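The structure appears below as structure tokens.
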Amino acid sequence: MLAAGLAWLGFTRPSRGISLEEALILVAASWVLVPLLSALPVVVAIHVPLVDAWFESVSGFTTTGLSVFTGGVDPYYHVYIPAVEQLPCGVLWWRAATQWLGGFGVVVIFYTIARIGSLPAHLVGFAEGRFERLEPSIAKSMRALMKLYIGITAVSVALLMLSGMGFWEALYHAMAAVSTGGFSTHSANVGYYHSVAIYAAVIASMIMGAMNFADLYAVFSGKPRKMSIEEKTMAIVLGVGILILLLLPRSPGLVDVVFDASSALTTTGFGIHDLSHMTQAYKLILVILMLIGGSAFSTAGGIKLYRAAVLASTLKWSWSRVLRGSHYLDIHKVGGEILDFDELARVVEVTMLFILLDIVGTLILLVTVPHVSLADALFEATSAVCTTGLSVGVTSASTPLIAKLTLLALMDLGRLEIHVYIAALAAAYLSVKKWRHARRRAALAKKLGRA
């Protein structure tokens with residue numbers, strides 16, 4: 001495939017630039033087709049049904065981490081699906097590769113869409129429609145992003161090795177951590193190691209993957225830069241979440257709580273204990289953390305910390321107006337940037353789409369999965385749509401086919417924040433409409449020519 005691609009690029013040249021509509025269609029189509037094609041080698045290698053291999057591939061490329069490789073029988077095809085420990089080396093590393101590539105791919109895709117949208121050429125760095133300068137040129141900015149991604153992966157490998165992991169295990173989990181993916185080499189996930197030092201190293205790696213890449217680049221390159229509001233918001237949300245979880249009845253303890261909260265907020269999905277036995281209140285707090293998610297310009301999923309900060313600021317502005325009177329005027333700023341109505345509308349739009357999709361997914365799981373509770377269905381649907389990967393046992397080899405397809409769709413839609421697919425459908429409609437108009441004009445011109 002690589003040889004064919006290089007040959008294609010070597011012997012062909014584009015006749016024109018790509019339009020925004022074409023880019024949106026290409027992104028949406030590739031995000032469906034690439035995981036599907038990547039599932040075919042897994043089907044051939046271990047002889048599992050295509051839907052199970054496709055589920056795992058989508059979970060990897062979307063950096064979700066939900067897995068059907070749990071060692072059970074698929075109820076629809078009656079085929080045994082191996083556990084993670086039973087996977088061949090090639091398939092095991094293919095899972096890590098899909099997550100690592102998928103994490104960086106999301107950043108590149110959003111960047112490409114925004115660049116084609118006629119934004120200034122010297123800007124790069126996606127954060128809710130705004131771009132942040134990394135390097136003077138686009139090419140240098142993209143190289144800087146790739147170096148940063150490889151760099152934080154190397155730092156994560158070093159941290160994990162210092163905490164006690166072997167090199168290959170450290171590399172595997174580092175690739176999953178910085179991509180906020182969550183795949184592991186063990187069914188017990190990171191809990192297999194029973195090491196507080198390893199847990200701490202994994203938390204640090206997850207946070208690096210969920211931080212704003214522009215902030216990380218400034219730190220690693222030593223360039224002076226004011227940190228974005230997302231790092232401050234992450235610290236506040238994580239601290240409050242940990243405190244609430246610790247105060248809940250039957251809390252599992254400080255280490256488990258800190259790890260669960262970090263894994264949920266960064267949407268990584270690593271786990272160190274069984275969440276299915278936790279209380280409904282505990283699961284609900286994790287659901288809220290998963291919905292908030294990590295930074296906008298990162299590999300994390302969820303609504304994003306920037307949007308959460310905007311929504312919180314909107315509440316503050318509304319209360320100020322009520323307390324001080326309608327004549328009171330307030331400059332709406334978030335992180336030092338003035339917020340206009342259009343940006344606020346985009347924040348509300350994406351938030352509502354996430355919540356609506358989460359509700360629909362929860363209802364489908366309630367209907368299709370036998371004996372599942374509302375709390376567990378909500379938890380699993382949120383984990384899928386926010387591309388987190390934490391599970392309470394709903395996702396497994398024995399999950400019904402409709403439920404698997406539902407979770408697969410939630411992961412795909414949530415990774416591109418839903419509105420990209422809506423925009424792609426609209427772009428496809430407009431492209432077909434333009435094509436039809438062009439054909440009609442050509443046919444009319446032909447008739448006039450004959451006359």
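The values are calculated or read from the model by the stated rules, or taken from the named source; none is laboratory data. Treat the numbers as computed from the prediction; the structure is a model and nothing was measured. All Cβ positions, glycine included, derive from the backbone under ideal geometry; neighbour counts span all protein chains shown.
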Quiz item: Mind checking whether some residue in the range 16-27 is part of a loop (DSSP other than H, G, I, E, B), farther than 30 Å from Leu405 by Cα, free of Cβ contacts under 8 Å to residues at least 60 places away in the same chain and not basic (Lys, Arg)?
Solution: yes
Quiz item: Failed condition for Met352, given (1) at pLDDT below 90; (2) part of a helix (DSSP H, G or I); (3) not small (Gly, Ala, Ser), with all others met?
Solution: (1)
Self-check item: Sole residue being touching a Phe, Trp or Tyr at 6+ places or on another chain (Cβ under 9 Å) and under 27 Å from Leu20 (Cβ atoms), chosen from Gly414, Gly389
Solution: Gly414
Quiz item: What number goes with the only condition from (1) assigned to a loop (DSSP other than H, G, I, E, B); (2) surrounded by 24 or more Cβ atoms within 10 Å (Cβ to Cβ); (3) over 17 Å from the mean Cα position of the chain (by Cα) that Met227 does not pass?
Solution: (2)
Practice problem: Mind listing whichever residues of the range 21-59 are within 11 Å of Val91 (Cβ to Cβ) and of a type in the set (D, E, K, R)? | Solution: Glu56
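Here's the yes/no breakdown for (1) among the β-branched types (Val, Ile, Thr); (2) more than 30 Å from Glu85 (Cα to Cα); (3) at pLDDT below 95; (4) in contact with an Asp or Glu (Cβ under 6 Å, 6 or more places away or on another chain):
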{"residue": "Leu160", "(1), (2), (3), (4)": "no, no, no, no"}
{"residue": "Ala170", "(1), (2), (3), (4)": "no, no, no, no"}
{"residue": "Ala177", "(1), (2), (3), (4)": "no, no, no, no"}
{"residue": "Tyr199", "(1), (2), (3), (4)": "no, no, no, no"}
{"residue": "Ala218", "(1), (2), (3), (4)": "no, yes, yes, no"}
{"residue": "Gly222", "(1), (2), (3), (4)": "no, yes, yes, no"}
{"residue": "Glu230", "(1), (2), (3), (4)": "no, yes, yes, no"}
{"residue": "Thr233", "(1), (2), (3), (4)": "yes, yes, yes, no"}
Practice problem: Report whether or not Asp342 is in a helix (DSSP H, G or I) and either under 26 Å from Ala176 (Cβ atoms) or touching a residue at least 60 places away in the same chain (Cβ under 8 Å) (or both). | Solution: no
Exercise. Kindly indicate whether Pro41 is in contact (Cβ under 8 Å) with a residue 12 or more places away in the chain, surrounded by fewer than 20 Cβ atoms within 10 Å (Cβ to Cβ) and assigned to a loop (DSSP other than H, G, I, E, B).
Key: no
Exercise. Out of Thr388, Thr382, report the one residue that is in a helix (DSSP H, G or I), in contact (Cβ under 8 Å) with a residue 60 or more places away in the chain and within 18 Å of the chain's Cα centre (by Cα).
Key: Thr382
Quiz item: Which numbered condition trips up Ala443, out of (1) surrounded by 13 or more Cβ atoms within 10 Å (Cβ to Cβ); (2) of a type outside the set (D, E, K, R); (3) more than 17 Å from the chain's Cα centre (by Cα); (4) part of a helix (DSSP H, G or I)?
Solution: (1)
Quiz item: Yes or no: Thr368 buried (at least 22 other Cβ atoms within 10 Å of the Cβ) and either on the phi > 0 side of the Ramachandran plot or not acidic (Asp, Glu) (or both)?
Solution: no
Exercise. Evaluate the range 306-327: report whether one residue or more is within 26 Å of the chain's Cα centre (by Cα), assigned to a loop (DSSP other than H, G, I, E, B) and under 22 Å from Gly103 (Cα atoms).
Key: no
Quiz item: Does at least one position in the range 283-305 carry a residue that is among the aromatic types (Phe, Trp, Tyr), part of a helix (DSSP H, G or I) and crowded, with 21+ Cβ neighbours inside 10 Å?
Solution: no
Exercise. Determine whether the range 234-249 contains at least one residue that is in a loop (DSSP other than H, G, I, E, B) and more than 22 Å from Ser383 (Cβ to Cβ).
Key: yes
Quiz item: Just to be sure, is Ala403 touching a residue at least 12 places away in the same chain (Cβ under 8 Å) and in contact with an Asp or Glu (Cβ under 8 Å, 6 or more places away or on another chain)?
Solution: no
